[in-house]
Amino acid sequence: MQFLIRSNNRLVIVALFTLLIHLDVHAGTGTNNSPAQAFDSIKQIRAGVLNVGYAEAGPANGEPVILLHGWPYDIHSYTETAALLAKKGYHIYVPYLRGYGSTHFLSGDTPRNGQQSVFAVDIIAFMDALKIRKAIIGGFDWGARTADIIAALWPERCKALVSVSGYLIGSQQANSTPLPPKAELAWWYQFYFATERGSKGYQQYTRDFARLIWQTASPEWHFDDSTFARSASALDNPDQVAITINNYRWRLGLEKGETQYDSLEAKLAKAPVITVPTITLEGDANGAPHPEPAAYAGKFTGKYAHHTLKGIGHNLPEEAPQEFANAIEEARKLAE
């Protein structure tokens, strides 16, 4: 490669030879990197009220691991993590949550409910459909909350847990308590979604909204356009807006939820402890609202360890896939 450089009014031709250096870029999705290859294929299975789309990797007889994504992300947060774990002999399942990707409701009459317990019920139905008796379960954002709920209410189905941002189980009662103004500011979109303007705005600008959340939640993660587009397509699901709006309105007590889940929510409102072996993770560059690790450590009463990762934001599995894969292995060892 040649460049013309002017020095002392003379043109000097300088030949530059570039060394190719393998950089340890988190998730391989920096601005100068192509995103990790997408999952080879998406499978479908009827489970509960849904036809669930999911990716699968690893040997058929491998230890089952279920990885759960958050909002506004999708299963591709786990492409590299799944590949790393598959090479270790694990059997990986990465389902689209309700309202994402190719996961669809079996009936048009089913409420597009986004309250916290239904996502856990969905994953239990997913496990039943695939005849997965017990699995290591990991997640971030909505996926971490779902994994936490399964570990708390169905510990017999969860061999070990990896939860980004720790203990995320909440309740409408707890959410009714006002926070200091700075903390409330971080939840601006929750209040926006509580309005009809917010619902229409999210419908009209879904991808713009998602990109803004990605940027603010992971300010040090320089993802490229192709990485974002690959995941943003999952937000084209026809139920995405309804599920998202219902989720955030339910949290504020603006939606009641379905009565069939009242008993589950009553248990969750008591903030049950989690007894299964657990690894919690946090990035010190997480720009999304999240609790401090010291605030939730006591909620994990089984074997437990926490790790904070430097320079990592909210989408931790995609930003630090090796570290997330390591946490799955560490959780498995805790369960032995």
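The values are calculated or read from the model by the stated rules, or taken from the named source; none is laboratory data. Since we're looking at a predicted model, the values are computed, not measured. Glycine gets a Cβ as well: all are built from the backbone with ideal geometry, and neighbour counts include every protein chain shown.
Rundown of residues vs (1) under 20 Å from the mean Cα position of the chain (by Cα); (2) in a strand (DSSP E or B); (3) within 24 Å of Phe324 (Cβ to Cβ); (4) among the charged types (D, E, K, R), yes/no style:
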residue	(1), (2), (3), (4)
Arg211	yes, no, yes, yes
Glu220	yes, no, yes, yes
Ala229	yes, no, yes, no
Ala232	yes, no, yes, no
Ile245	yes, no, no, no
Tyr248	yes, no, no, no
Gly253	no, no, no, no
Gly257	no, no, no, no
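Cβ-Cβ contacts under 8 Å between residues 6 or more apart (or on different chains), taken from a first residue in segment 119-147 that is over 20 Å from Thr275 (Cβ atoms) and buried (at least 23 other Cβ atoms within 10 Å of the Cβ) to a second residue that is at pLDDT 95 or above and of a type in the set (D, E, K, R), are listed as Phe119/Arg98; Phe119/Arg145. Residues in segment 178-194: is at least one closer than 25 Å to Glu329 by Cα and out of contact with any Pro (no Cβ under 9 Å at 6 or more places or on another chain)? Within segment 178-194, not a single residue is closer than 25 Å to Glu329 by Cα and out of contact with any Pro (no Cβ under 9 Å at 6 or more places or on another chain). Criterion applied to Gln190, Gln173 was being assigned to a helix (DSSP H, G or I), surrounded by fewer than 20 Cβ atoms within 10 Å (Cβ to Cβ) and either more than 20 Å from the chain's Cα centre (by Cα) or modelled with pLDDT under 95 (or both), and the one residue passing it is Gln173. Scanning segment 192-210 for residues that are closer than 16 Å to Pro289 by Cβ and free of Cβ contacts under 8 Å to residues at least 24 places away in the same chain yields a count of 1.
Right, Ile124: assigned to a loop (DSSP other than H, G, I, E, B), over 15 Å from the mean Cα position of the chain (by Cα) and hydrophobic (A, V, I, L, M, F, W, C) or not? The answer is no for Ile124.
Restricting Leu85, Leu67 to those that are surrounded by 23 or more Cβ atoms within 10 Å (Cβ to Cβ), touching a residue at least 60 places away in the same chain (Cβ under 8 Å) and in a strand (DSSP E or B) reduces the list to Leu67.
Yes or no, residue by residue, for (1) of a type outside the set (Gly, Ala, Ser); (2) modelled with pLDDT under 95; (3) closer than 20 Å to His69 by Cα:
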{"position": "Asp236", "(1), (2), (3)": "yes, no, yes"}
{"position": "Glu258", "(1), (2), (3)": "yes, no, no"}
{"position": "Asp262", "(1), (2), (3)": "yes, no, no"}
{"position": "Ala269", "(1), (2), (3)": "no, no, no"}
{"position": "Gly283", "(1), (2), (3)": "no, no, yes"}
{"position": "Tyr304", "(1), (2), (3)": "yes, no, no"}
{"position": "Pro321", "(1), (2), (3)": "yes, no, yes"}
{"position": "Ala325", "(1), (2), (3)": "no, no, yes"}
{"position": "Ile328", "(1), (2), (3)": "yes, no, yes"}
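Here is the figure for segment 278-317: residues that are of a type outside the set (A, V, I, L, M), over 19 Å from Glu220 (Cα atoms) and crowded, with 24+ Cβ neighbours inside 10 Å total 3.
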